[in-house]
1. Residue by residue through segment 334-386, note down the ones that are of a type in the set (Phe, Trp, Tyr) and assigned to a helix (DSSP H, G or I).
2. Would you check if PRO709 is closer than 30 Å to MET543 by Cα, in contact with a Lys or Arg (Cβ under 9 Å, 6 or more places away or on another chain) and not β-branched (Val, Ile, Thr)?
3. Among the residues of segment 506-523, is there at least one that is modelled with pLDDT under 85 and in contact with a Lys or Arg (Cβ under 6 Å, 6 or more places away or on another chain)?
4. Kindly indicate the residue of segment 12-44 that is over 18 Å from ALA65 (Cβ atoms) and out of contact with any helix residue (DSSP H, G or I) (no Cβ under 9 Å at 6 or more places or on another chain) and also most open to solvent (accessible area, probe 1.4 Å) among those meeting that condition.
5. Looking at (1) modelled with pLDDT of 85 or more; (2) open to solvent by 10 Å² or more (accessible area, probe 1.4 Å); (3) closer than 30 Å to MET695 by Cα, which one does ALA586 not meet, given that it meets all the others?
6. Could you run through segment 844-885 and say how many residues are assigned to a helix (DSSP H, G or I) and either open to solvent by less than 10 Å² (accessible area, probe 1.4 Å) or more than 28 Å from ASN544 (Cα to Cα) (or both)?
7. Sort out which residues of segment 141-180 are touching a Ser or Thr at 6+ places or on another chain (Cβ under 6 Å), small (Gly, Ala, Ser) and open to solvent by 30 Å² or more (accessible area, probe 1.4 Å), and write them in order of number.
8. Find all pairs meeting these conditions: Cβ atoms under 7 angstrom apart; at least six residues apart or on different chains; first residue within segment 53-70 and open to solvent by less than 80 Å² (accessible area, probe 1.4 Å); second residue at pLDDT 75 or above and polar (S, T, N, Q).
Amino acid sequence: MDKQRHSPPSWSTRFLEWFLKEDYFEDVQGDLEEEYQLLIKSNGLVKAKRWYNWQIIRLFKPEMAKRIEAQNSIEKETTMFKNYFKIGLRNLWKYKSSTVINVIGLSTGIAAFVLIALFVKDELSYDRHHEHAENIFRVTVKNYTTDGDLSRHWAFASAGHAQRLKDDYSEITHATRFFPWAFPDIKYDGKEFQSEPVIFCDNDAFEIFSFQFLEGSAETAFPDIYSLVLTRSKAVTIFGSEWEENGVVGETVILAAQGEEIPFKVTAVMEDMPDQQHFHFDYLAPIRLLETVMGEDAMNNTTGNYNWMTFIRTSNGANIPKLTASANEEFWDKYIGEFQPGVYAREFYDFVFQPILDIHLTSNLEGEYETNGSIDQVYIFTAIGFLLLLVACVNYMNIATSHYSRRMKEVGVRKVIGAFKSSLVKQFLSESLLIVFVSLPISVILIFWALPYLNEFMGKELVFNPFIQIDIFFGLVSLMLLVGVIAGLYPALFLSKINLVQALKGEQAMNASKWNFRSYLVTFQYVVTIGLIFAIGVIESQMNFIRNSDPGFDREYMVSMFLPRGDYNNETLRNELLKNPNIVKATFSSRIPTGRLADSWGSRFFKGDSAISTSFRLPVVTVDKHFLDAFGIDLLAGENFREGMETNLMPDTTVTGYYIINRAASKALGFDDPTEVIGKKLGYGPSQGRVVGVMEDFHFESLYSPIVPTLFLTRDRYRRVSLKLTGQDIRGTLDYLENVYAQFDPEGDANYRFVDDMFNEQYQKEERLATMIKVFAVIAILIGCLGLIGMVGFIIETKLKEIGVRKVLGASTGSIWMIISNRFAILIGIAFIIGLPLAYWFMNDWLESFVYRTSISIPLIVLPVLGALILTLLAIAYQTIKATKVNPVECLKDE
């Protein structure tokens, strides 16, 4: 009979025991089990179990449940927490050196992590303020060779692309072009502002982008072709700080360019474009005006002249890959057709619709309007931020486990009197959280102190105010808990899992295992240290490479300034400047190296009598016959400009052109030998003429951009004068320059700049980023070294008796130092094998983002290992010498 007896479901019985009042349990459970056995016989096991479970659920009522002593439980936990808190404070005070090391490491790590997080958040926020950001795309164009290889990838499109794409594809609801034309002078009320960056755009620009209007509106921005929208800062510059009170809509300003003066009416004022935007304009004017200047054909051009920054806005849910494929399949053949029989335009061109949210961090195309950021730099900063935090946590783990070796007997005693593993874990975790809690206010103070310097250095406006910014407040609280748990969990588990016998043996049991988890933590610290030292070396090497690279022109003691206003002969100004013996050369030009190659007209190359539009962008720079000599640029073939070679580009006219091109343009036209292109027929804008010379390539733009084909011509209109100085009596020469300028323009200001300074400014942003990476990397290294010193000290402290015995037996300080160093040397070797390949891969990928870059040399590979080894040996040497000075009797007296 007993063999047929089935026990009721155990989980139900345990649940009944858990909630039912103890006075009722025995009777109720006995009655239910008796009925359960009867039901098995009559209805079967399955139905009996179902009935039993249901009866227990029915009994789960308030009047049947045990009285929960919540208050007692809370009081008990509160009392225990107070006890943990007191013990934690006592230990912090008792072991001051380890407390100081931990607080410095954690507070510095948290502060650096938060600063990096603020920077990364800012970099990831670019262009997100636009209402339709998810549907905005930049139109870029790829050009392929006859072999199908990628030749160029322009950030710009042709003038005719925007409207045709909008007309042909229903997914595209809006399209606009931005074009910086002529950089006119702006005149108002007797004041003149030279070479202002007026940008011409389509009306759709205000439907695509979320520009904030302060006066006027998007609907009334462009009522006619002579409208002008300006930003707040330019309104202040032109009309004064009280412009908001007086209002400026309706005011007339004069735009002067290419010998013409055109009145424009101010129709709106908008807020300055935010820093978190990949382009910045101060003036916007209707692009329809350019149709009267350039002609309808130029404005409808669909190939070549890639100077038009073009954006489209698509409908919600538009299939962009499908749209791109359709445009590339249909557009080029429709509007360009065949280059020759059987050779279609679509084989040589592709559209790429680039999401605006990706531009700042991932785009580095030819002709970028501004220098973008780098997703690699964001990755580097993010990695360093987390490494800083991890190194600080690992420091705590290492020092805590070393320090807790003194508390092994305490753990043993607690276990003897009945302490559970969970209570020990809680105790040591609470001590970890206490350290982080002490570190957090210090880290906040460090952030408040460092942030203004970071903003000034990086040119940003990062904000940190946890008392107002709720997301930052909760982020700090979460970070505190996370760091506390990460840093304290291993030491807590490490001590709580030790068995009673091992605990009562004390330190020796703990140190019996040579390769414990602490060895892996130390190895991790070395991996980080070696990797960061390597990264610093590569970054510094690349920055030195950029600083010391030859740009291809002479920039030493070169001074440049805008020309004085007024009616005078350029040669008169030049002769007056050259009267000073410390000014040896003077040249006039529209732009100078270190500027942007923004000006460009459509170009055509003639093969026989047939004119073929060039498939590449060919920007133009206007120079005089002294330009090559003043800037030290070699002429490879042909002749320099001379009298009678002026090419005055004027709309709706055909003039004879004389052109000097650079080597890159010669190659783009198909002539590797520069002498072969001399005399070839070329059309540029409204001019048509011959190539008279080829100059050596030089970096007109920064080293972040490749050298592009460029055309130079001479004419009677320039913007700048550049002077070569001897380097003698610089101050006196500059005073003379200002006096000459005042003779020609009494109301103007010379505003001269050294070309060398302008050259260095091109890399200022990258220099700043590189410096910040180095600073945070050094902080991580220092935190690691601080922890290393502390940990070495604790390890040597546990070996004092061994050191005492060795000294009694005649061991020297050097031999003891070698014994202790040996284990660390092995860890460094392991870290080198792991860390260097990872760092090499990471930094090599970073170098790939530069067009011109350094190579990773052997010294850069050896330096991290030597650095880590020297730092370690010095730390061990200091602690060893300190330990060996202790009298052996003091170490051994309790044996």
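The values are calculated or read from the model by the stated rules, or taken from the named source; none is laboratory data. What you see is a predicted model, and the numbers here were worked out from it, not measured in a lab. Note that we place each Cβ from the backbone using ideal geometry, even for glycine, and neighbour counts take in every protein chain shown. Surface areas here come from the heavy atoms of the whole protein model, side chains and all, with no ligands, DNA or RNA. Shrake-Rupley method; radii C 1.70, N 1.55, O 1.52, S 1.80 Å.
1. Result: TYR335, TYR379, PHE381, PHE386.
2. On the way: closer than 30 Å to MET543 by Cα: yes; in contact with a Lys or Arg (Cβ under 9 Å, 6 or more places away or on another chain): yes; not β-branched (Val, Ile, Thr): yes.
In short, yes.
3. In the first step, residues of segment 506-523 are kept if they are modelled with pLDDT under 85; the result is 506-523.
Retained after the next criterion (residues that are in contact with a Lys or Arg (Cβ under 6 Å, 6 or more places away or on another chain)): 506.
The answer is yes; a qualifying residue exists.
4. Filtering segment 12-44 down to residues over 18 Å from ALA65 (Cβ atoms) leaves 30-31, 33-44.
Those still in the list that are out of contact with any helix residue (DSSP H, G or I) (no Cβ under 9 Å at 6 or more places or on another chain) too: 30-31, 34, 44.
On the way: GLY30: 33, ASP31: 102, GLU34: 120, GLY44: 23 Å².
Only one residue fits best here, namely GLU34.
5. Going through the list (1) modelled with pLDDT of 85 or more; (2) open to solvent by 10 Å² or more (accessible area, probe 1.4 Å); (3) closer than 30 Å to MET695 by Cα, ALA586 breaks only (2).
6. Step one: list which residues in segment 844-885 are assigned to a helix (DSSP H, G or I), which gives 844-847, 858-884.
If we keep only those that are either open to solvent by less than 10 Å² (accessible area, probe 1.4 Å) or more than 28 Å from ASN544 (Cα to Cα) (or both) too, we end up with 846-847, 864, 868, 872-884.
Qualifying residue count, segment 844-885: 17.
7. SER151
8. ASN53/SER12; ILE56/SER12
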